[in-house]
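Every number here is computed from the coordinates shown, using simple stated rules; none is lab data. Because the structure is predicted, anything quoted here is derived from the model rather than measured. Cβ coordinates were reconstructed from backbone atoms using ideal geometry, including for glycine residues, and neighbour counts include every protein chain displayed.
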Amino acid sequence: MLTFLQRTLSYRGREKAWQQKFNPLAPKADDMAPDFALAEVGSERMWRLSDFRGQKPVVLIFGSFT
């Protein structure tokens, strides 16, 4: 477990350096996500990310179900 944690932390530093060099406008780790709205499938209801802010973690899964 310790080896995994050490490798993960070393990747974070390299990714941060890459991001600063090539994409400084991209969101950073621990940045608050921008608000957006998505329609519920099969209904008119809209869900906003801000509705869940401070309440519980939100996971977005994009995929094809065909």
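Computed quantities for the displayed model
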read-out	value
Residues L25, L60, sorted so that the one with the fewest Cβ neighbours within 10 Å comes first	L25, L60
Gain on full stretching of the segment that runs from A29 to M46 - 0.36 nm per residue minus C-alpha separation	3.4 nm
Magnitude of the charge dipole, region 2-51, Cβ model with Lys/Arg +1 and Asp/Glu -1, debye to 20	480 debye
Ranked list, fewest to most other Cβ atoms within 10 Å of each Cβ, for V59, V41	V59, V41
Degrees, to the nearest 10: 2-22 long Cα axis against longest axis of the chain	80 degrees
Where GluC sites (Glu not before Pro) fall in DSSP loop in region 11-66, at most 15 other Cβ within 10 Å	E40, E44
Residue-span extension gain [Q55 to R7] - 0.36 nm each, minus C-alpha spacing	14.2 nm
Order of L38, L2 under a 10 Å beta carbon neighbour criterion, fewest first	L2, L38
Volume per residue of the C-alpha convex hull in the chain, rounded to whole Å³	173 Å³
Options L25, S64, F52, ranked by Cα towards positive dipole end of the chain, top entry (Cβ charges)	L25
Estimated [θ] at 222 nm from DSSP helical runs (n ≥ 4, -39500 (n - 2.57)) normalised by residues in the chain, nearest 500	-11000 deg cm²/dmol
Exposure rule at most 16 other beta-carbon atoms within 10 Å, DSSP loop chymotrypsin sites (Phe, Trp or Tyr not before Pro): the chain longest free segment	1-35
